[in-house]
Amino acid sequence: MGKAFKKAEALSDRPTHYCPGCTHGVIHRMVGEVIDELGIRGKTVGVAPVGCSVLAHEYFEFDFMEAAHGRAPAVATGIKRVRPDLNVFTYQGDGDLASIGTAEIIHAANRGEKITAVFVNNAIYGMTGGQMAPTTMPGQRTTTSPFGRNVHDVGMPMRVSELLSALETPAYIAREAVIKPKYIMKAKRAIKKAFQYQMEGKCFSLVELVSICPTNWGMTPQNSVKWAEEILLLYYKPGEYKLPEEM
Amino acid sequence: MKFRHFIDIDKCKGCGLCVIVCPKKNLKLSEELNKKGYYSALQKNPENCLFCTSCCIMCPDVAITITESAEEETE
Amino acid sequence: MEKVLMKGNEAIAEAAIRAGCKGYFSYPITPQSEIAEYMVRHLPEAGGVFLQGESEVAVGYMVLGAAGCGERVMTSSSGPGISLMSESLSFLAAQQCPAVIVNIMRTGPGLGGILPSQADYFQATKGGGHGDFRLLVLAPSSIQEAVEMVMEGFPLAEKYRNPVMILGDGLIGQMMEPVSFPEHLITRPSNKDAWAANGMDTRNSDKRNVLKSLSLDPDEMHEHNKSLQEKYDRMRRNEIRYKAYNLDTDYELLITCFGIMARVCGTVVDKLKEEGIEVGMIRPQSLFPFPEEAIRQAASKTGCKQVLCVELNMGQMVEDVEKAVQGACPVTWYGNAGGAIPPPKEIIAHIHSLLNR
């Protein structure tokens, strides 16, 4: 009874700089495992823009490029267009993708770039110290919404998966969460499916992963999981929002 | 089939997520600090471990591994 | 070598194709959109990739990605677009990725106009983006020169692992002139496996390549900056190019100019010579590295009383000329930033007044 569990080869064993309880680490692990399972480490290039995960290249064992804040989908487009044989993925936070990088992700999806976007949504800007993001919840306190997000002033949080799913171009758009094992298992399947769609040259793929940020939420990891499950997941509902076959 | 559950104490940041998700409530945070100043996770009672990998899956630092060794399970 | 009559923008595109450009990314902007319109028809036929991005911001990073995995890449735009690309130019220089950036200047600032201008001189030579870096900047004064500079731009960018900017203007882009595409300027792309993030299997290596410019360690950051500056010093030693005209006479005034204005000022020198007034001219072809020494010598020749810098802006290169001349004689500017090209007689009249003739 039981099974073995070990670190993926595509993942380095370098300790990460992420805060205790930050689930970036869980997502890194899954991306590493998927790349191992698909055997594509030698043909993969990762693109990490600015955010807590800008140092992602330290934690993987394959080629990587840094992009400016919000521009990873464009960098990935450049790579994929001149080297369509490479697997290219971006690893972006919500401040990066849903704010400064909105045009880039929408147009990469709309052109149907055969790249994969791993999109980490923790409803806040992490690296810069906890500012409000487009995904910050109504009433959620951050350093730039000290009295809670005022939706009458800055609008409602942005649901990226739903937004991108409205585009006509075929794509694989899914949202999962990484806050508990039962969600993490589904998240892993979605990430693998996204990479497989890319390998088949089928469509653009994006997996939004609801994640926790104990440090900037000002909660323990345990309470962060609770808050994420009771608040975030009700607003950011998991599910496969768009499948290329639907076209 | 013999499994061995292992927590790399120096990689653990004491976040406690594994403690929450263990179905047997078999994990806790130690009283001693690790090298980085965290109270790292450890097993209460190794016999109770089901090797179900819930903790491994949840751990953001991939600090928990389960290795398989060939020799028979001793009673 | 057979010549063909071509519009500047199209000749620039054809030159890039002949030079082995593999990826071309751009966004429409007057006065250079014909480059993209030519590329979309002809680059794919030559085995290259064309893509119109959603903005010049995105285009700059498509260039970074494609260049970062070792392919020959080009983009083209005009001043406002180059402003949007300025951050990515800094990333290209910092991550040491070769690329050719064509700027067909239009009047500015702001939305400006679509007429020719040279008002992006500062932007190209001093303000390309944040941080200590330079673009190697070549300024063509004819379509033939533009073609040759584009063809030489790719190997130059690879030689220094740095973006190279071809700084043309609306006239260079829109004029038609007979051009040829010299075979000897065609080069093979250099091998970039040492640094390119092009997939470990491509290099059949298990050592990975990472292209990044973030560094939180002050010593590492300073060392990186020093290594970039060392490249720019090498450019200063090896890549200075300029054209001199009528310097072997006892000229009493030296004209400095660049790009299209060299055509006009050449006529000015000839006409003044007919009047018995000797005027020398020096025309930088490389704006960075700037031919300081050559200008200093030309300005300090006995008999030369002053230097006049003629440019289609409100006085930008004049500052570099002044710095080069180091007070040997007064340096003044003459120009127009509206897009109307000052004709020879207007400049001749101005020189008459300077020489109170």
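The values are calculated or read from the model by the stated rules, or taken from the named source; none is laboratory data. The structure displayed is predicted, hence computed values, not measured ones. Don't worry about glycine lacking a Cβ; one is built from the backbone with ideal geometry, like all the others, and counts go over all protein chains shown.
Report the residue count in region C:190-211 for those that are assigned to a loop (DSSP other than H, G, I, E, B) and surrounded by fewer than 18 Cβ atoms within 10 Å (Cβ to Cβ).
Adding up the residues that qualify gives 9.
Which condition number in (1) in contact with a Phe, Trp or Tyr (Cβ under 8 Å, 6 or more places away or on another chain); (2) within 24 Å of A:Asp13 (Cα to Cα); (3) assigned to a strand (DSSP E or B) is the one that B:Phe6 fails?
The failed condition is (1).
Looking at A:Gly25, A:Gly39, A:Gly32 in this structure, which one is within 29 Å of C:Gly70 (Cα to Cα), in a helix (DSSP H, G or I) and small (Gly, Ala, Ser)?
Result: A:Gly32 is the single residue among A:Gly25, A:Gly39, A:Gly32 that is within 29 Å of C:Gly70 (Cα to Cα), in a helix (DSSP H, G or I) and small (Gly, Ala, Ser).
Would you confirm whether any residue within region A:99-106 is within 14 Å of chain B (Cβ to nearest Cβ), surrounded by 24 or more Cβ atoms within 10 Å (Cβ to Cβ), in contact (Cβ under 8 Å) with a residue 24 or more places away in the chain and not acidic (Asp, Glu)?
No - not one qualifying residue is present in region A:99-106.
How many residues are away from chain A (no Cβ under 11 Å) and closer than 17 Å to C:Val102 by Cβ if we restrict to region C:41-62?
Selection size over region C:41-62: 2.
Against the condition assigned by TED's automatic domain parsing to the domain that holds C:Met221 and in contact with an Asp or Glu (Cβ under 9 Å, 6 or more places away or on another chain), how does C:Val63 come out, does it pass?
no
Could you please give the count of residues in region C:194-214 that are closer than 26 Å to A:Val50 by Cα and within 11 Å of another protein chain (Cβ to nearest Cβ)?
The total comes to 14.
Within region C:239-336, which strands (runs of 3 or more DSSP E) (wholly inside it) include 1 or more residues that are in contact with a His (Cβ under 8 Å, 6 or more places away or on another chain) and crowded, with 17+ Cβ neighbours inside 10 Å?
Qualifying strands (runs of 3 or more DSSP E): C:306-311, C:331-335.
Does at least one position in region C:13-29 carry a residue that is at positive phi and surrounded by fewer than 24 Cβ atoms within 10 Å (Cβ to Cβ)?
Scanning region C:13-29, I find at least one residue that is at positive phi and surrounded by fewer than 24 Cβ atoms within 10 Å (Cβ to Cβ), so the answer is yes.
If you check A:Gly42, A:Gly25, A:Gly46, A:Gly78, which single one turns out to be facing chain B (nearest Cβ under 9 Å) and without any contact (Cβ under 8 Å) to a residue 60 or more places away in the chain?
Result: A:Gly25 is the single residue among A:Gly42, A:Gly25, A:Gly46, A:Gly78 that is facing chain B (nearest Cβ under 9 Å) and without any contact (Cβ under 8 Å) to a residue 60 or more places away in the chain.
Which residues, taken from region A:150-188, are among the charged types (D, E, K, R), surrounded by 15 or more Cβ atoms within 10 Å (Cβ to Cβ) and within 14 Å of chain B (Cβ to nearest Cβ)?
A:Glu176, A:Lys180, A:Lys186, A:Lys188
I'm trying to understand the selection: among the residues of region A:189-222, which are surrounded by 16 or more Cβ atoms within 10 Å (Cβ to Cβ) and part of a loop (DSSP other than H, G, I, E, B)?
Correct list: A:Lys202, A:Cys203, A:Ser211, A:Ile212, A:Cys213, A:Met219.
Criterion first (in the same structural domain as C:Gly153 (by TED's automatic domain parsing), touching a residue at least 24 places away in the same chain (Cβ under 8 Å) and not aliphatic (A, V, I, L, M)) does C:Gly280 satisfy it?
Judged against the criteria, C:Gly280 is not a match.
Out of region A:1-12, which residues are within 14 Å of A:Gly25 (Cβ to Cβ), part of a loop (DSSP other than H, G, I, E, B) and facing chain B (nearest Cβ under 8 Å)?
Within region A:1-12, A:Lys7 is the sole residue that qualifies.
Could you check how many residues of region C:161-187 are charged (D, E, K, R) and either without any contact (Cβ under 8 Å) to a residue 24 or more places away in the chain or closer than 28 Å to C:Ser86 by Cα (or both)?
Of the residues in region C:161-187, 2 are charged (D, E, K, R) and either without any contact (Cβ under 8 Å) to a residue 24 or more places away in the chain or closer than 28 Å to C:Ser86 by Cα (or both).
Kindly indicate the residue of region B:11-24 that is at the interface with chain A (Cβ under 8 Å from one of its Cβ atoms) and assigned to a loop (DSSP other than H, G, I, E, B) and also nearest to B:Cys49 (Cα to Cα) among those meeting that condition.
Per the stated criteria, the residue is B:Gly16.
Restricting to region A:200-247, and then to whatever is touching a Pro at 6+ places or on another chain (Cβ under 6 Å) and among the hydrophobic types (A, V, I, L, M, F, W, C), can you tell me which residue is farthest from A:Asp94 (Cα to Cα)?
Among those residues, the one meeting the criterion is A:Met247.
Report yes if some residue within region C:127-142 is more than 13 Å from chain A (Cβ to nearest Cβ), at pLDDT below 95 and surrounded by fewer than 24 Cβ atoms within 10 Å (Cβ to Cβ); otherwise report no.
There is at least one residue in region C:127-142 that is more than 13 Å from chain A (Cβ to nearest Cβ), at pLDDT below 95 and surrounded by fewer than 24 Cβ atoms within 10 Å (Cβ to Cβ).
Can we say C:Glu158 is under 13 Å from the mean Cα position of the chain (by Cα), assigned to a helix (DSSP H, G or I), more than 14 Å from chain A (Cβ to nearest Cβ) and at pLDDT 95 or above?
Criteria not met by C:Glu158.
For region C:244-273, name all the residues that are among the charged types (D, E, K, R) and either without any contact (Cβ under 8 Å) to a residue 60 or more places away in the chain or under 16 Å from C:Leu156 (Cβ atoms) (or both).
The answer is C:Asp248, C:Asp250, C:Asp270, C:Lys273.
Which of the numbered conditions does C:Gln229 fail, given that it passes all the others? Conditions: (1) touching an Asp or Glu at 6+ places or on another chain (Cβ under 8 Å); (2) assigned to a loop (DSSP other than H, G, I, E, B).
(2)
So A:Val34 ticks every box in (1) surrounded by 23 or more Cβ atoms within 10 Å (Cβ to Cβ); (2) at pLDDT below 95 but one. Which box is left unticked?
Of everything listed in (1) surrounded by 23 or more Cβ atoms within 10 Å (Cβ to Cβ); (2) at pLDDT below 95, A:Val34 misses just condition (2).
So which residues in region C:292-328 are out of contact with any helix residue (DSSP H, G or I) (no Cβ under 8 Å at 6 or more places or on another chain) and not aliphatic (A, V, I, L, M), if there are any at all?
C:Gln297, C:Lys301, C:Thr302, C:Gly303, C:Lys305, C:Gly315, C:Glu319, C:Glu322, C:Gly327 - these are the residues of region C:292-328 that are out of contact with any helix residue (DSSP H, G or I) (no Cβ under 8 Å at 6 or more places or on another chain) and not aliphatic (A, V, I, L, M).
Looking only at region A:107-139, count how many residues are surrounded by fewer than 24 Cβ atoms within 10 Å (Cβ to Cβ) and small (Gly, Ala, Ser).
Summing the residues that are surrounded by fewer than 24 Cβ atoms within 10 Å (Cβ to Cβ) and small (Gly, Ala, Ser) in region A:107-139 gives 4.
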